[in-house]
Amino acid sequence: MALDKITQITGRGVYVPGDDTDTDRIIPARFMKCVTFDGLGEYAYYDERRADDGTDKSHPLNDPRFFGARFLLSGSNFGCGSSREHAPQALYRFGFRAVLAESFAEIFFGNSTTLGMPCAVMAAGDLRALAGLIEEDPALLITLDLLEGKVTAADVDFPATLPDHAREALVSGKWDAIADLLEGLPDVERVAATLPYFA
Amino acid sequence: MKETLLDKVWAAHTVRELPNGSTQLLIGTHLIHEVTSPQAFGMLRDLGLKVKFPQRTFATVDHIVPTDEREEPFSDQLADEMIKALRANCREAGITFFDLPTGHQGIVHIVGPEQGITQPGTTIACGDSHTSTHGAFGAIAFGIGTSQVRDVLATQTMAIRKPKVRRINVDGKLSPGVYAKDVILHIIRRLGVNGGIGFAYEYGGSTFDAFTQEERMTVCNMSIEGGARVGYVNPDKTTFDYLQGRRYAPQGAAWEKALTRWSAFASDAGVAYDDVVGFHAGEIAPTVTWGINPGQAIFIDERVPRPEDLAEKDRATAAEALAHMKLTPGQPIKGVPVDVAFLGSCTNARLSDLTEVARYVKGRTVRAGVKAIVVPGSQGVATLAEKMGIAEIFRAAGFEWRGAGCSMCLGMNPDKLVGDQLCASSSNRNFKGRQGSPTGRTVLMSPLMVAAAAITGEIADAREVFSIS
Ligand code: SF4
C-alpha cells in the first residue's frame, strides 16, 4: 500500500481559540449515527457554529474570510475526550490538512496521524503570533515543513514539531500502519499460539 | 529485573517492533459496537481483507439503542441502519454478537466483564475510550480509533507506543457516603484532565485492595478523563472471585492454571515506576463537577470557584464553564436546582451501584418536576435487578426504569437533555453538548448523589439527605 509522503503542507489558516477542545465539540455525538465517514465535514464544530434553529452563529469557521483554510489553529489539549475517529475525520473532510496547537490528546493525535493529517505542537506565544498574522491577512499562505520542524508564514519561522515517530511515519509515507501490520502476520500467529486464552 | 504488570503484559503480546519505534501489539480481546465499527468493516472490504481471528472479537449494541421502545425497526432510521449493519457484519465474519434478543446485550464495558471475557494479563481494545474500564481486572485495555479497529480486525494487532506507568496510591478507609466515583473525580481534579497523557495509571493502596471488583471498574473507567489511555489494578483474589463461573472464564483444570498465570502478571513488589502519587481516602468527600470538563470538580460543601482564584492557565476555561453552566462564581454548589437525574453509564450502572442506591431510595419519592431515569448497564444487570426487587424500589420512588444501553450518557438515542436542562449524572463526561442538547448542563457525581438530587430536586449532600454518618 503506497501512501503519499507528507513532508510539506501549504495553505491558509483559521484560528479557533480555546483549551481542552473535546471531541464532542468537534463533532457532537448525534452526528455519529452513520455507517460511513462521508459527509461528516459539514458537522465539524456544529454546535459552536449553528444556533438551535440552524442559523449561523458567529464562529471563525463561519467567517467567509477563512473559507478554504487547510490549517486549524487552537489551544492546549486539543481533541480530548472520546476516541471517536469521527472527530479528525470531520476536520479532514471539512478541508483541514493539519492542526497546529499547544498540545494534543493522545488518541486524537494518533487518529489524525493515521489519516495523514499532521498535528504539530507550537508554543502558545507563537500560535498567538501566527493567529495575529492570519487575522491581519486571511489570505496569508502558511507552510508546515515536517522535515524542518517549522511553520513559515510571511517570512517568519515558528518551530512546529511532532514526536519523531509520527513525523517519521508521515514523511516516509507510512502514516497508515496497516501495511506494516500485515507484513507481521506470520509473527502474529506465532505469538498468539503462546497465549492460552487465544486457543 | 522487576517489572510492572504493564511491562509483563506488553512483553507477552509484542509481535515485533515496527520501523517507527512503535510496537506491533497483539490484541487478545477486541470488543466492538455499532458506532465505531461499520466504517472499519467498510475499510476492510475496500482493502479486500478478512477478519483474522473472529473468535477473539465480541460485539454488542449500546450507544444507539432506545431504552424504552425497543422493538425493531427503531423509529430512528439511522439507528436502525446501524444495528442492522453490525448484525450483518458479525454474521458475515463469524463474530459473537450479544444482540438485543440474546438477553446479554448492554454497554460494551459492562458486558465484557459480566461475561468473563475480560481477564487478567490480556490486552483489550475497543473503539471506545472507556475501554480503560477493563483494566480493573489487570488487563491492559485502551480505546482505539476506527482505523485501528480495522487494523485489529484484519491482523488482530495494532501499532502502539508503550506508555509510562504512574502508580496512584490511595490508602485508608473512605468515609461513609463516599464512593469509588468520588475517588476518581478527586484524582482527576488533583492531577488534571491532561495529567495522564503518555501514562498508564496503576491504581493501588489499601483503599483499592478493599474495593470490590465493580468499584475498581468505576475508577479505571474514568482514567481517560484524566488523560491516561490505560488504567489498571493488579489482579488479586477479588478479581478471581468475580470471574469464577462466568460464561467465558476458564473452567475446571484450566481455571487453576489460569489463576497461577494471572497472579504472575501483577507488578513486582518494589518495582520502579515512572511516577508515584499518593492520596488519603479520608481527605475525599462526595465530589461534583461544576464545569465542562471532569477536572472542574469540587467537594459538595465547597463553593464554585472564582476564575481569579484559579491558576492563570485555567481561568479562560473556567469562565467559559461558568457561563455555560449558568453558575455564579463563589456560589455554593449545594442547592443548585436539577431538572434531570440520570443513573446509568459504563461508569456506574452495574448491579452494585443500583443495589447501593436502592437501599437508600426505598420509601422515598422523586421530587415533582424532576425527570429521573435509571438505565441498567446491561440486560444481565436489568434482569437481576428485577428479580431482586431493586427495579421495583426505583419505580415506586418515581424513577423511570429503562432498558440497557448508554442512553443519556451521550444522547445518541432518544434520551437527551432538552434546552439548558441541568442533569445530575452518574456518567463520566460533562462536556458541552454531551447529553444531547448543545446548551444542556451536566453535573457528574456518584450514583447515590444522583439519587439525592432526584429526591430533593437540587444538588444535595447524599449524607444529609439519607442521614449517613
Ligand atoms: S456509557 Fe457513555 S461513556 Fe460508556 S460507552 Fe456508553 S457512551 Fe461511552
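Values as computed for the structure displayed
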| read-out | value |
| --- | --- |
| Set of lysines with alpha-carbon distance to A:LYS150 below 19 Å, sequence-local pairs under 8 removed | A:LYS5 |
| Residues losing 40 Å² or more accessible surface upon assembly, the range B:134-148, compared with the chain by itself, 1.4 Å | B:SER147 |
| Distance from the range B:73-151 to the range B:367-428 (C-alpha centre basis), Å | 21 |
| Positive dipole terminus of chain A, leading residue within A:PHE104, A:MET32, A:SER82 (C-beta point charges) | A:MET32 |
| Accessible area of chain B divided out per residue, in Å², using a probe of 1.4 angstrom | 33 |
| Antiparallel content of DSSP bridges confined to chain A, in %, to 5 | 55 |
| With 5 Å bins from 0: P(r) over the range B:1-95, alpha-carbon pairs, percent | 2, 11, 17, 17, 15, 13, 10, 6, 5, 3, 1, 0 |
| Residue order for A:GLU183, B:GLU114, A:GLU136 - accessible surface, 1.4 angstrom probe, largest first | A:GLU136, A:GLU183, B:GLU114 |
| Charged-residue dipole, Cβ positions (Lys, Arg, Asp, Glu), chain A about Cα centre, Debye nearest 20 | 360 |
| Chain B - percent of accessible surface contributed by carbon and sulfur, probe 1.4 Å | 52 |
| Accessible area (Å², per residue) of the range A:19-175, counting only protein heavy atoms and a probe of 1.4 Å | 36 |
| Percentage relative contact order, chain B, counting C-alpha pairs under 8 Å, at least six apart | 17 |
| Sparsely packed trypsin sites (Lys or Arg not before Pro) within the range B:1-71, loop by DSSP, other Cβ within 10 Å at most 10 | B:LYS2 |
| Prolate/oblate/rounded call for the range A:10-111, Cα gyration tensor, a/c under 1.5 rounded | rounded |
| In the range B:155-243, trypsin sites (Lys or Arg not before Pro) in a DSSP loop with at most 14 other beta-carbon atoms within 10 Å | B:LYS173 |
| At least 40 Å² accessible surface lost relative to isolated chain, residues of the range B:153-175 (1.4 Å probe) | B:THR155, B:ARG161 |
| About the Cα centre, charge dipole magnitude for the protein assembly as shown (Lys/Arg +1, Asp/Glu -1 at Cβ), debye | 1120 |
| Residues of the range B:85-115 with amide N under 20 Å of the 7 Å Cα→Cβ point at B:ALA254 | B:94-98, B:112-115 |
| Spacing of the two label points (7 Å from each Cα toward its C-beta) at B:ARG161 and A:ALA124, in nm | 2.3 |
| Probe 1.4 Å, all protein chains present, accessible-area order of B:ARG87, B:ARG247, largest first | B:ARG247, B:ARG87 |
| Rg over Rh, two decimals, chain B (C-alpha only, Kirkwood Rh) | 0.95 |
| Cα-centre dipole for chain B with unit charges at Cβ (Lys and Arg positive, Asp and Glu negative), debye to 20 | 540 |
| Rounded to 5, the percent of DSSP beta bridges in chain B classed as antiparallel | 25 |
| Protein heavy-atom accessible area occluded, A/B pair - total, 1.4 Å probe, Å² | 5000 |
| Distance histogram in 20 Å bins (all Cα pairs of the protein assembly as shown, percent per bin) | 19, 56, 24, 1 |
| For the range B:15-53 and the range B:217-252, distance of Cα centres in Å | 23 |
| Trypsin sites (Lys or Arg not before Pro) restricted to the range B:320-392 and DSSP loop, no more than 12 other C-beta within 10 Å | B:LYS326 |
| Dipole of the range B:355-469 [Lys/Arg +1, Asp/Glu -1 at C-beta], most positive-end residue of B:PRO438, B:SER407, B:MET388 | B:PRO438 |
| Principal axes of the range B:5-160: Cα extent on each, largest first, Å | 48, 35, 22 |
| Per-residue ³J(HN,Hα) for the range A:81-86, Karplus 6.51 cos²θ - 1.76 cosθ + 1.60, θ = phi - 60°, Hz, x for Gly and Pro | x, 6, 8, 4, 6, 4 |
| Normalised contact order of the range B:5-160, rounded percent, pairs of Cα under 8 Å and 6 or more residues apart | 34 |
| As computed over the range B:188-304, the Cα convex hull volume per residue (Å³) | 130 |
| Mean-position separation - Cα centroids, the range B:321-356 and the range A:1-75, in angstrom | 30 |
| Mean shadow area of the range B:303-465, taken as a quarter of the surface of its Cα convex hull (nm²) | 9.2 |
| Listing of the range A:17-39 residues, each with accessible area lower by at least 10 Å² in the full protein assembly than in the chain alone (probe 1.4 Å) | A:ASP19, A:ASP20, A:ASP22, A:ASP24, A:ARG25, A:ALA29, A:ARG30, A:MET32, A:LYS33, A:CYS34, A:VAL35, A:PHE37 |
| Spatially proximal lysines relative to B:LYS84 (Cα-Cα < 20 Å; intrachain offsets below 8 disregarded) | A:LYS33, B:LYS50 |
| Carbon + sulfur, % of accessible area of the range A:8-198 - ligands and nucleic acids excluded, 1.4 Å | 51 |
| Close Lys-Lys pairs in the range B:303-465, where close means Cα under 22 Å and separation is 8 or more or interchain | 13 |
| Charge dipole of the protein assembly as shown about the Cα centre (unit charges at C-beta), most positive-ward option of A:ALA193, B:TYR248, A:GLY11 | B:TYR248 |
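The values are calculated or read from the model by the stated rules, or taken from the named source; none is laboratory data. Note that the structure is predicted; figures quoted are calculated from it, not measured. Positions of Cβ are backbone-derived with ideal geometry, glycine not excepted, and every protein chain shown enters the neighbour counts. Ligands, DNA and RNA are excluded from the accessible area calculation, which covers all protein heavy atoms including side chains. Shrake-Rupley method; radii C 1.70, N 1.55, O 1.52, S 1.80 Å.
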